[in-house]
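Colleague: Once you've had a glance at the structure underneath, I'll fire off some questions.
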Amino acid sequence: MKTRARSTRTHYERYLWAVVTAVSCAGCQSSLPRYAFDNPAEVLMAMEARSSQIASFSARCRVLLASGDGDVQLTGLVIAEPPGRLRLRTWKLSRTVFDLTLNEDGAYLFSSGGERHGPDESELTRKQILGALRFLPGFMQQGAWRARRGLTPDTYALISQLPDANALVQCAVDGATLTEQRCDYLDDRNQAEMSLAFYDYRLVDGIAWPGRITGHGARGSFEIRFDSVEVNVEHPDGAFVPSRRAKKLP
C-alpha cells in the first residue's frame with residue numbers, strides 16, 4: 001500500500017511540475033478585500049463561497065522549470081470550467097510539449113516523447129488530477145477541506161486528503177485577505193514532498209488571483225507567469241475535446 005501511495009505522489013508531482021505557476025496579471029487591481037472572521041469554520045465557508053463564484057477562467061502563462069538537467073522555458077494556455085473541466089497546453093519553440101484535457105469522460109494526455117517537462121502516462125486518473133489541483137481558484141471542492149487555526153494568530157490552515165493516495169495537502173491562509181500563502185503536499189511521514197508559495201495577489205473581476213506561484217520539489221523548482229487572466233468567460237465549442245493524439249489515462 002505504501003509503495004502505491006508513494007508512486008501516486010510522484011505522479012502528482014509530475015503533473016504539478018507542469019501546471020503550477022507564478023503569475024503576472026495584466027490589467028488587474030492590486031487592492032484586496034479585507035475580512036475579520038473569528039474562527040476557522042467561517043474562514044472556510046467564505047473561501048468556498050468565493051471559489052464557487054468562478055464558473056470558468058482562462059489564462060496564458062510563461063513557465064520556467066529548473067532542475068539538474070538545466071532550465072527550460074515554456075509557453076502555456078490553461079482554460080477551465082470548475083469543478084470538472086480543464087485544458088492545459090504548453091509549447092516550446094512553437095512545438096506542443098503536452099496537451100492535457102479533463103472532461104466528464106475522463107483525462108486525456110498527449111506528451112511529446114522527447115520531453116520530460118510534462119506528466120508521464122501513468123495510473124493517474126481524472127479524479128486524482130482534480131484532487132491535486134485544489135489550490136487553483138474555482139477548484140476548491142466544498143466539503144473536501146477542514147480548517148483550523150494556523151501557526152500564527154493571523155493565519156489559518158486548510159487541510160485536504162488527496163483522493164486515492166495516502167497524502168495530504170496543507171495550505172496556510174492569510175486571515176485578513178483569505179488568500180493562500182503556501183501549500184505543502186505531505187507524505188505519510190508528514191514531510192513536504194512538494195511546496196508551493198503564492199505571491200502578488202490581484203483582483204480579476206473581483207476574484208483574488210495569485211500574481212506569482214513558485215514551487216519546490218524533488219525534481220527541482222518552477223515558476224510560471226500568466227500574461228493574462230480572464231474569469232467567467234465563455235469558451236468555444238470543443239474547447240474540452242481532447243487532441244486526437246492524446247491517450248486516455250486509466
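Colleague: Taking the Cα centre of region 162-250 as the origin and placing charges on Cβ (Lys, Arg +1; Asp, Glu -1), which of I207, V241, V231 is farthest toward the positive end of the dipole?
Modeller: My answer, from the dipole projection, is V241.
Colleague: Express the carbon and sulfur contribution to the solvent-accessible surface of region 137-195 as a percent, rounded to the nearest whole number, probe 1.4 angstrom.
Modeller: It is 47 percent, rounded to a whole number.
Colleague: Also, quick follow-up: If amide H atoms are built 1.01 Å from N in the plane of the peptide, which residues on other chains or at least 5 residues away come under 5 Å of the amide H of V204?
Modeller: So V204 has HN proximity to W209.
Colleague: If you don't mind, there's one more thing I want to ask. In nm², what is the average projected area of the convex hull enclosing the Cα atoms of region 98-250? Let's see the in-between values first.
Modeller: Values: hull surface 42.9 nm².
Over all viewing directions, region 98-250 projects a mean Cα-hull area of 10.7 nm².
Colleague: Another question about this same structure. If each of R182 and L77 carries a label point 7 Å out from its Cα toward its Cβ, how far apart are those two points in nm?
Modeller: 3.6 nm
Colleague: With no solvent and one point on each alpha carbon, what is the Debye value of log10 I(q)/I(0) for region 173-250 at q = 0.20, 0.22, 0.25 Å⁻¹?
Modeller: Evaluating at q = 0.20, 0.22, 0.25 Å⁻¹ gives log10 I(q)/I(0) of -1.03, -1.04, -1.09.
Colleague: Could you give the accessible area per residue of region 136-250, probe 1.4 Å, as a whole number in Å²?
Modeller: Dividing the accessible area of region 136-250 by its residue count gives 50 Å².
Colleague: Can you compute the charge dipole magnitude of region 67-213 about its Cα centre, using +1 on each Lys and Arg Cβ and -1 on each Asp and Glu Cβ, nothing else charged? Give it in debye, rounded to the nearest 20.
Modeller: 300 debye
Colleague: Give the accessible area for W91 in Å² (nearest 10); use a 1.4 Å probe, count only protein heavy atoms, and leave out ligands, DNA and RNA.
Modeller: 50 Å²
The values are calculated or read from the model by the stated rules, or taken from the named source; none is laboratory data. Computed from a predicted structure; not experimentally measured. Cβ atoms come from the backbone with ideal geometry, glycine included; neighbour counts cover every protein chain shown. Calculation scope for accessible area: heavy atoms of the full protein, side chains included, ligands and nucleic acids excluded. Shrake-Rupley method; radii C 1.70, N 1.55, O 1.52, S 1.80 Å.
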